[in-house]
Ligand SMILES: [Cu+2]
């Protein structure tokens with residue numbers, strides 16, 4: 001009886017060892033497939049962050065029909081207001097931390113804007129066809 005149980009135990013160990021090798025081999029062959037960082041901003045991204053009392057990027061070039069989204073990452077509230085004389089007028093409410101605002105630009109042109117609370121915060125959207 002002890003010899004029999006030892007045989008089972010030995011077999012179980014070998015099976016476990018083989019399974020471990022197989023699964024380790026499997027996982028190591030799969031790991032190189034997904035190194036892409038999902039946090040990376042795509043080239044020509046359409047999100048502008050408000051951070052450290054500045055728009056980032058301060059100048060953004062987009063294609064017509066693009067939805068541009070501003071996200072406030074500052075502790076202070078900000079607004080997005082088109083400059084006087086802009087052919088496309090937009091004006092957000094005061095955006096608290098984490099709030100966002102978006103504008104769809106359908107006409108090619110250069111649109112400058114600012115934060116009405118902090119006049120030093122300015123930005124430009126260049127819309128190309
Ligand atoms: Cu501001």
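Some notes on this structure:
- Residue check, residue 59 at pLDDT 90 or above and surrounded by fewer than 16 Cβ atoms within 10 Å (Cβ to Cβ): yes
- Test set (1) within 11 Å of the ligand (Cβ to nearest atom); (2) touching a strand residue (DSSP E or B) at 6+ places or on another chain (Cβ under 9 Å) - residue 127 fails condition number: (1)
- Residues satisfying the stated conditions in the range 62-90, i.e. free of Cβ contacts under 8 Å to residues at least 24 places away in the same chain and surrounded by fewer than 17 Cβ atoms within 10 Å (Cβ to Cβ): 75, 84, 85, 88, 89
Yes/no matrix, rows are residues, columns are (1) farther than 14 Å from residue 72 by Cβ; (2) not in a strand (DSSP E or B):
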position	(1), (2)
98	no, yes
103	yes, no
107	yes, yes
112	yes, no
118	no, yes
125	yes, no
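- Condition met for residue 69 (more than 21 Å from the chain's Cα centre (by Cα) and away from the ligand (no atom under 11 Å from the Cβ)): no
- The range 91-117, subset crowded, with 17+ Cβ neighbours inside 10 Å and within 14 Å of the ligand (Cβ to nearest atom), residue farthest from residue 59 (Cα to Cα): 95
The values are calculated or read from the model by the stated rules, or taken from the named source; none is laboratory data. Predicted model, so just to flag it, every value in this text is computed and none were measured. Glycine gets a Cβ as well: all are built from the backbone with ideal geometry, and neighbour counts include every protein chain shown.
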